[in-house]
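Undergrad: Please read through the structure below; I'll follow up with questions.
The values are calculated or read from the model by the stated rules, or taken from the named source; none is laboratory data. Just so it is clear, the structure is predicted and the values come from calculations on it, not from any experiment. No Cβ is skipped: glycine too gets one built from the backbone with ideal geometry, and neighbour counts run over all protein chains shown. The accessibility values were calculated without ligands, DNA or RNA, using every heavy atom of the protein model including side chains. Shrake-Rupley method; radii C 1.70, N 1.55, O 1.52, S 1.80 Å.
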Amino acid sequence: MEHVTTTNVQSADKVAEEIIEWAHSHGVRSAFDRAEALKPCPIGHTGACCKICFMGPCRLVGPDAENSATGVCGATLPVVAARNMLRMVAAGTAAHSDHARDMAFTLLEAATGEAPDIKIKDGKKLNKVASIVGVETAGRTKEEIGKDVALKLIEDFGRQKGELSYIKRAPKKRQEIWRKWGIVPRGIDREIAEAMHRTNMGVDQEPENLMMAAMKVSLADGWGGCMISTDITDILFGTPSPKHSTASLGVMKAGEVNVVLHGHEPTLAEMIVDVSGEPGILEYARSKGATGINLVGMCCTANEVLMRHGIPTAGGFLNQELAVMTGLAEAVVVDVQCIMPALAQAAKQFHTKVITTSHKGKMIDALHIQYDEHRAKEIAREILKTACDNYPNRTSKGSRVTETTPVIAGFSHEYIEYMQGGLYRASFRPLNDAIMAGRIRGVVGLVGCNNPRTTQDSFHDYLATEFIKNDVLVVSTGCGAAACAKAGYMLPETALEQAGPGLREVCEAIGIPPILHLGSCVDNSRILTIATQMVEEGGLGDDISDLPAVGIAPEWMSEKALAIGVYFVASGVHVIFGSESPVSASSVVQEIKTDLWEKRTGGKLQFIADPKEIFETTIASIDKKRDALKLKKYEPGKFGAERVLLTMADRRKLEREQAAS
Ligand code: MSK
């Protein structure tokens, strides 16, 4: 699909831009307009506002504020900025991890039969997780194992002493770094509670100590909440493998009941997918004049159902109001996280019903249908019938966009490993070899949100193009993955035309696009797993910090993105966020998150507003890591020796031979 590259537009997604223009000509406002009208507070934006007690809020501004300004209590600017940072990371960790807790209890209820509509789908993954957390599998049923795995993982939330179960999944050297600096999380809830306590008025007043606490709580997110959530979702609903689908707001269908699945927790969405093909439900839709039911995803729920069922994605966070403005959405079903309060107000101008489903996330002017896993499918049917009932209310109002982009999504780390060696020789060897030989220059995680302060998708698109042109393999999650999907980068044929010669050769041999859709926000944990497996495979150092890899969130907006960024830094990765730093008011805190963090963990967190500079800094970082590993100097089209890559056909032949023997 053609993408808009000029900067006088609000979205680089041509279909989204068409709807924005329609909205402007019809007097309908969205986040794009609100962002223009409402400039960020320049004090809060830089981390210089303290509102943790009611002597303030205190604004630490003025000449030489870093050294002279204090709040009423005497808190200095570095203390205020560091506390703000820690609170943001703790909040992001809480969001991912509360999602993970719900998944753990869902596994428990599925295993004990209390949630009869939910079954354990992936026994292989269950056994793998069981072996990690020390649950016996021999001679036991899936349900018996599932119950014990759920109970073990639930312990990770409330553990008061010791270490999180998954800490031992990291490379040995990384674990030692964490222990040396005292940042191994004990229990997820304990670290979040302690972060809130430390940042309460009059507790932790040392910026360095506060920032190390940010690392600790973030690790409870990455190697705790996110990883637990990814694992349990795979166990319950299946480990993703590549699926063909489509992306963009054009995925709505004119003659069908369109239901947008929006939010983060995949359980209810899975139930809706399950029942949407039932004859009774389809008959109900027809009785209302529609030809069928069309499910489409939004935000991270989209990523979950795209990867497991090939349900089309309408896009990321900033597309939610635009989906309503198509005039074609009978219902937007939401649960938690990244749901704009403006959504219900946008819906009031059309016939769309916004249906909230979690007691944690209610909304004025929305219809609430509480999800209950004990009668999951019954509720899913009720939601679909409510959407069908709304079909006759559709009017001609709306921007009827139709253009879509094909996409292949669903690259779990298990599948990436399989692709590189088949069933019997699955490994990361080919990827490591290709990096060592200079065919692939390095790896970038291009992830995170959209933010209307940046032309939607423009940074994602620019960076994706430049990286693949320069032989950098890109893995993507969250709304970044939606951006790449809409831009056509997740279709091998399209994307490989733009890829550099080495990357192209590797991708063609293995049969993958140069940008891999790895899933939702919590699935950033898959990137941690891949990085660990690359280290364990050998040849690229003995720690994640040795890998020629960089993490980038160019259009971030959420506290969750910040938590993800910090857990990658704590895991040894150079991380770059777009925009200005949220702690830019304090040079002390700025230096901690780069220099001190790098000295202690090998990772650092930078904020760079200019996308070209993000690209150049990333490439320099990758090349520096290559030099440190004494790898062949990267030169486009000139490769060193490496093992022969097996094509899909070779691999299938080998598998047949191995199976026969
Ligand atoms: S949905 S956290 S806007 S990636 Fe996971 Fe997208 Fe960012 Fe929400």
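Undergrad: So what is the relative contact order of the chain, in percent, for Cα pairs below 8 Å that sit 6 or more residues apart? If you can, show how the numbers build up before the last one.
TA: Details: 1454 pairs, mean separation 109.4, N = 661.
Over the chain, the number comes to 17 percent.
Undergrad: Only sites in a loop by DSSP and with at most 16 other Cβ atoms within 10 Å count here; which trypsin sites (Lys or Arg not before Pro) in the stretch 402-506 make the cut?
TA: Working: sites: 425, 439, 441, 453, 469, 486, 504; in loops: 439, 441, 453.
For trypsin sites (Lys or Arg not before Pro) across the stretch 402-506 that sit outside H, G, I, E and B with at most 16 neighbouring Cβ atoms in 10 Å, the list reads 453.
Undergrad: Still on this structure, I have one more. Can you give the charge dipole size of the stretch 445-494 about its Cα centre, rounded to the nearest 20 debye, using +1 on the beta carbon of Lys and Arg and -1 on the beta carbon of Asp and Glu? Please report the intermediate quantities before stating the final value.
TA: Working: 3 positive and 5 negative charges, 35 e Å.
With Lys and Arg at +1 and Asp and Glu at -1, about 160 debye.
Undergrad: As a test of reading the structure, rank 36, 373, 505 by solvent-accessible area (1.4 Å probe, protein chains only), most first. Can you show the working numbers first?
TA: Working: 36 120, 373 40, 505 80 Å².
From most accessible down to least: 36, 505, 373.
Undergrad: Starting from a Cα-only point model with no solvent, please compute log10 I(q)/I(0) by Debye for the stretch 243-393 at q = 0.16, 0.18 1/Å.
TA: Listed by q, the Debye log ratios stand at -0.76, -1.00.
Undergrad: Which loop GluC sites (Glu not before Pro) in the stretch 541-648, with loop taken from DSSP, have no more than 16 other Cβ atoms within 10 angstrom of their Cβ?
TA: Counting only loop positions with at most 16 other Cβ atoms within 10 Å, the GluC sites (Glu not before Pro) in the stretch 541-648 are 580.
Undergrad: For the stretch 128-233, state which trypsin sites (Lys or Arg not before Pro) are in a DSSP loop and have at most 15 other beta carbons lying within 10 Å of their beta carbon. All intermediate terms of the calculation are to be shown ahead of the outcome.
TA: Working: sites: 128, 140, 142, 147, 152, 159, 161, 168, 169, 172, 173, 174, 179, 180, 186, 190, 198, 216; in loops: 140, 159, 161, 186.
Taking the stretch 128-233 and a limit of 15 other Cβ atoms within 10 Å, the loop trypsin sites (Lys or Arg not before Pro) found are 140, 161.
Undergrad: Taking Cα centroids, how far is the stretch 536-574 from the stretch 396-452 in Å?
TA: Each part's Cα centre sits 16 Å from the other's.
Undergrad: For the charge dipole of the stretch 72-218, defined by +1 on Lys and Arg C-beta atoms and -1 on Asp and Glu C-beta atoms about the Cα centroid, which residue among 79, 95, 212 has the Cα displaced farthest towards the positive pole?
TA: The listed residue farthest towards the positive side: 212.
Undergrad: Continuing with the same structure: For the stretch 1-82, build the charge dipole from Cβ charges (+1 Lys, Arg; -1 Asp, Glu) around the Cα centre, then report which of 15, 65, 55 sits farthest towards its positive end.
TA: 55
Undergrad: Wrap a convex hull around the Cα atoms of the chain, take a quarter of its surface area, and give that in square nanometres. Walk me through the numbers on the way to the answer.
TA: Details: hull surface 115.8 nm².
Mean projected area for the chain: 29.0 nm², to one decimal.
Undergrad: Have a look at 609, 251, 141 and report the one farthest towards the positive end of the charge dipole of the chain, computed about the Cα centre with Cβ charges (Lys/Arg +1, Asp/Glu -1).
TA: Farthest towards the positive end: 141.
Undergrad: Under a point spin-label approximation (7 Å from Cα along Cα-to-Cβ), what is the residue 55-residue 633 distance to one decimal in nm?
TA: Simple spin-label model gives 5.9 nm for this pair.
Undergrad: Could I ask something else about it? Expressed as a whole number of Å, what is the distance separating the alpha-carbon centroids of the stretch 182-212 and the stretch 30-97?
TA: Taking the Cα centre of each part, the stretch 30-97 and the stretch 182-212 sit 17 Å apart.
Undergrad: Suppose the chain between residue 38 and residue 612 were pulled fully straight at 0.36 nm per residue; how much longer would it get relative to their current alpha carbon spacing?
TA: 204.0 nm
Undergrad: Here is a follow-up. Could you give the dipole magnitude of the chain about its Cα centre, charging the beta-carbon of Lys and Arg +1 and that of Asp and Glu -1, in debye to the nearest 20?
TA: Working: 74 positive and 82 negative charges, 129 e Å.
Value, rounded to 20: 620 debye.
Undergrad: Name the shape class, rounded, prolate or oblate, that the alpha-carbon gyration tensor gives for the stretch 419-628, where a ≥ b ≥ c are the square roots of its eigenvalues, rounded holds for a/c under 1.5, and otherwise prolate holds if a/b is larger than b/c and oblate otherwise. Provide the component values of the computation, followed by the final result.
TA: Numbers: a/c = 1.76, a/b = 1.27, b/c = 1.39.
Because a/c hits 1.5 or more and a/b fails to exceed b/c, the stretch 419-628 counts as oblate.
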